[in-house]
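Asker: One structure follows; several queries about it will come next.
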Amino acid sequence: RREVARSLVEGLGFALAERLERLRRDGPLCEPLRLAGRAAREEGWRAILAAQLGTALAPLEAGLEPARGAAILAGLGVGLWAGAAEAVARAGSPLGATVTAEPQLHAFYRARGARRSRAAALLAGLED
């Protein structure tokens, strides 16, 4: 059961890491990245995700993260704040202890992620 749970977290982490790379190509991100929900409450999950994403993660301590996020986006849309960094600084949830990416574990997950991406590309080629 424990191995299944870890594999689920790792699978999610690989998918998030791919999307995060795309976002980083568009410009700098507000770091540390915020983490909400169950993953924010579980120390092991935070450590795995930080290593996979290669960045620091700060868990949100409040319980209304989706509503707060929607309000921040609405405020940005109407020009309430100059940018995302200001919006998060002024309206973001309180943060818990920041978790940093452990370098050796990050290197391990980068290698596994590259292997996963190659396998996915090969499988996609079989569908054509």
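The values are calculated or read from the model by the stated rules, or taken from the named source; none is laboratory data. Source: prediction; values computed, not measured. All Cβ positions, even for glycine, are placed from backbone atoms using ideal geometry, and neighbour counts span all protein chains on display. Protein only, heavy atoms only, side chains kept; ligands, DNA and RNA dropped before computing areas. Shrake-Rupley method; radii C 1.70, N 1.55, O 1.52, S 1.80 Å.
Asker: Simple spin-label model, 7 Å along Cα-to-Cβ: A47 to A84 in nm?
Answerer: Reported label-point gap for A47 and A84 is 2.9 nm.
Asker: Leaving ligands, DNA and RNA out of it, report the carbon-plus-sulfur percent of the accessible area of the chain at a 1.4 Å probe.
Answerer: 58 percent
Asker: Right, next: Please list, by residue number, everything in the stretch 69-99 whose backbone N is under 13 Å from a paramagnetic label point 7 Å out along Cα→Cβ of L16.
Answerer: Only 99 pass the distance filter.
Asker: How much accessible surface does V9 have with a 1.4 Å probe, in Å² rounded to 10?
Answerer: 10 Å²
Asker: Further question on the same structure: Provide Rg and Dmax in Å for the stretch 3-128, with only Cα atoms included in the calculation.
Answerer: Expressed in Å, the Cα Rg and Dmax of the stretch 3-128 come to 16.4, 49.
Asker: Moving on. How far, in nm, would the chain grow between A71 and L29 when pulled straight, counting 0.36 nm per residue and subtracting the alpha carbon separation?
Answerer: 13.2 nm
Asker: A further question follows. If a helix is a whole DSSP H run, which ones in the chain reach 20 Å or further along their own axis (Cα) and hold a mean Kyte-Doolittle hydropathy of at least 0.0? It would help to have the intermediate numbers written out before the result.
Answerer: Numbers: long enough: 2-26 (36 Å, -0.42); 103-127 (36 Å, -0.26).
The answer is none, since no helix passes both cut-offs.
Asker: While we're here: Using a probe radius of 1.4 Å on heavy atoms only, what accessible surface per residue do you get for the stretch 10-128? Whole Å² is fine.
Answerer: Numbers: 7580 Å² over 119 residues.
Computed with neighbouring chains in place, this is 64 Å² per residue.
Asker: Can you tell me the dipole magnitude for the chain around its Cα centre, using point charges on the Cβ only (Lys, Arg +1; Asp, Glu -1), in Debye to the nearest 20?
Answerer: Dipole size: approximately 220 debye.
Asker: Cα centroid distance between the stretch 17-59 and the stretch 84-121, in Å?
Answerer: 3 Å
Asker: Let me check against my output: what whole-number percent is the relative contact order of the chain, with C-alpha pairs under 8 Å and at least 6 apart?
Answerer: That works out to 27 percent.
Asker: Please report the accessible area of R115 (heavy atoms, 1.4 Å probe, ligands and nucleic acids excluded) in Å², nearest 10.
Answerer: For R115, solvent-accessible area is about 140 Å².
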